[in-house]
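Chemist: Quick one: this structure, given as structure tokens, is what I'll be asking you about.
Nothing in this text is a laboratory measurement; each read-out follows from the coordinates by a stated rule. The structure displayed is predicted, hence computed values, not measured ones. Cβ atoms come from the backbone with ideal geometry, glycine included; neighbour counts cover every protein chain shown.
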Ligand code: GLN
């Protein structure tokens with residue numbers, strides 16, 4: 001695996017310059033675009049990584065995976081009263097479907113859906129920041145993990161579009177807290193930083209029938225039940241890459257979650273997880289080198305979304 005990752009890294013780095021770092025969140029525009037890291041974590045506890053796999057990056061939409069899982073754990077199937085589970089076929093921050101669909105977002109991974117999920121968690125937890133950070137620190141086995149206050153502030157100051165969607169959903173009765181409060185929480189969750197090794201570790205439960213690994217004394221702790229882990233993977237496969245979900249399913253075929261920080265996490269059930277990071281994005285907001293690297297990895301390993 002180490003050789004495969006080294007080969008993929010060489011091939012991927014030849015693509016530097018083909019994308020652009022996200023600039024609509026001013027703090028993200030400052031990130032050096034010429035970085036690439038990839039890490040694979042196996043269900044037996046082994047890990048492999050190359051390149052900038054230890055450099056922390058902004059989770060952005062990858063945080064939506066974790067908040068969705070926390071909401072599922074908190075209120076179970078009631079989440080489906082507030083959000084759908086169909087791909088949107090529209091940009092991650094699109095609002096066109098919201099009005100015709102009465103303020104019920106298509107899925108929890110587009111911005112509108114993630115805002116509803118954060119609204120659910122804001123109602124459920126007295127201190128959501130700490131509940132979320134606590135869960136992430138445990139999953140990633142990284143006690144110092146935190147959000148980047150500059151990135152959170154930068155997004156909060158420019159989140160007019162997300163705020164508009166929150167207010168619209170409130171007018172439809174699908175938003176229970178003050179939009180300002182939920183946006184504060186949402187911007188902090190998006191600004192959480194992890195590196196590839198930590199991200200692969202943090203999502204291990206999805207490859208391992210809901211079981212976490214790695215936390216000292218917590219190995220094999222059941223973080224999510226196995227049925228829900230399977231369902232979350234289905235949702236990641238169909239909705240994890242915004243309006244490129246079909247293209248990603250065709251090229252890569254694994255459940256994924258992408259973010260505008262340039263990170264992508266992919267799940268190979270029964271085998272392990274892959275986290276890749278390269279900040280240059282394509283027109284749909286997905287990492288150019290990250291998508292390429294995952295495509296090469298499945299070509300070279302033949303990993304599929306079915307447990308072996
Ligand atoms: N924080 C970003 C936003 O709300 C997340 C988007 C993304 O990663 N696609 O726009």
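Chemist: Could you figure out which of (1) surrounded by fewer than 23 Cβ atoms within 10 Å (Cβ to Cβ); (2) within 16 Å of the ligand (Cβ to nearest atom); (3) over 30 Å from residue 101 (Cβ atoms) isn't true of residue 144?
Modeler: Tallying (1) surrounded by fewer than 23 Cβ atoms within 10 Å (Cβ to Cβ); (2) within 16 Å of the ligand (Cβ to nearest atom); (3) over 30 Å from residue 101 (Cβ atoms), residue 144 fails exactly one: (2).
Chemist: Also: For the list (1) crowded, with 24+ Cβ neighbours inside 10 Å; (2) within 16 Å of the ligand (Cβ to nearest atom); (3) closer than 19 Å to residue 32 by Cβ, I need the number of the one condition that residue 293 fails.
Modeler: The one condition residue 293 does not meet is (2).
Chemist: For the stretch 22-46, give me each residue that is surrounded by 21 or more Cβ atoms within 10 Å (Cβ to Cβ), away from the ligand (no atom under 16 Å from the Cβ) and outside any loop (DSSP other than H, G, I, E, B).
Modeler: 37, 38, 39, 40, 41 - these are the residues of the stretch 22-46 that are surrounded by 21 or more Cβ atoms within 10 Å (Cβ to Cβ), away from the ligand (no atom under 16 Å from the Cβ) and outside any loop (DSSP other than H, G, I, E, B).
Let's see how each residue does on (1) touching a helix residue (DSSP H, G or I) at 6+ places or on another chain (Cβ under 9 Å); (2) over 18 Å from residue 70 (Cβ atoms); (3) more than 16 Å from the ligand (Cβ to nearest atom):
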residue	(1), (2), (3)
162	yes, yes, no
166	yes, yes, no
174	yes, yes, yes
180	yes, yes, no
186	yes, no, no
193	yes, yes, no
199	yes, no, no
206	yes, no, yes
212	yes, no, yes
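Chemist: Please determine, by comparing only the residues of the stretch 149-159 that are part of a helix (DSSP H, G or I) and more than 11 Å from the ligand (Cβ to nearest atom), which one is nearest to residue 119 (Cα to Cα).
Modeler: 153
Chemist: Taking residue 281 as the residue in question, decide whether it is more than 14 Å from the ligand (Cβ to nearest atom) and either within 29 Å of residue 17 (Cα to Cα) or out of contact with any helix residue (DSSP H, G or I) (no Cβ under 8 Å at 6 or more places or on another chain) (or both).
Modeler: no
Chemist: Let me ask another. Based on what the data block shows, is residue 234 surrounded by fewer than 18 Cβ atoms within 10 Å (Cβ to Cβ) and either within 17 Å of the chain's Cα centre (by Cα) or in contact (Cβ under 8 Å) with a residue 24 or more places away in the chain (or both)?
Modeler: Against the criterion (surrounded by fewer than 18 Cβ atoms within 10 Å (Cβ to Cβ) and either within 17 Å of the chain's Cα centre (by Cα) or in contact (Cβ under 8 Å) with a residue 24 or more places away in the chain (or both)), residue 234 qualifies.
Chemist: Checking the condition surrounded by fewer than 24 Cβ atoms within 10 Å (Cβ to Cβ) and touching a residue at least 12 places away in the same chain (Cβ under 8 Å), which residue from 279, 255, 269 passes?
Modeler: Just a single option satisfies the conditions, and that option is 269.
Chemist: Since residue 239 meets every condition but one in (1) in contact with a helix residue (DSSP H, G or I) (Cβ under 6 Å, 6 or more places away or on another chain); (2) surrounded by fewer than 19 Cβ atoms within 10 Å (Cβ to Cβ), which condition does it not meet?
Modeler: Status for residue 239: all satisfied but (2).
Chemist: Taking the conditions exactly as written (away from the ligand (no atom under 16 Å from the Cβ), exposed (fewer than 15 other Cβ atoms within 10 Å of the Cβ) and at positive phi), does residue 89 satisfy them or not? Even if it seems obvious, please write down each step before you answer.
Modeler: Details: away from the ligand (no atom under 16 Å from the Cβ): no; exposed (fewer than 15 other Cβ atoms within 10 Å of the Cβ): yes; at positive phi: yes.
Answer is no for this residue.
Chemist: Can you tell me how many residues in the stretch 59-83 are surrounded by fewer than 17 Cβ atoms within 10 Å (Cβ to Cβ) and within 17 Å of residue 230 (Cα to Cα)? Working first, answer last.
Modeler: Just the residues of the stretch 59-83 that are surrounded by fewer than 17 Cβ atoms within 10 Å (Cβ to Cβ), to begin with: 73-78, 80-81.
Remaining after also requiring within 17 Å of residue 230 (Cα to Cα): 73, 76-77, 80.
Selection size over the stretch 59-83: 4.
Chemist: Follow-up. Sort out which residues of the stretch 241-270 are more than 16 Å from the ligand (Cβ to nearest atom), on the phi < 0 side of the Ramachandran plot and part of a loop (DSSP other than H, G, I, E, B), and write them in order of number.
Modeler: 252, 254, 255, 269
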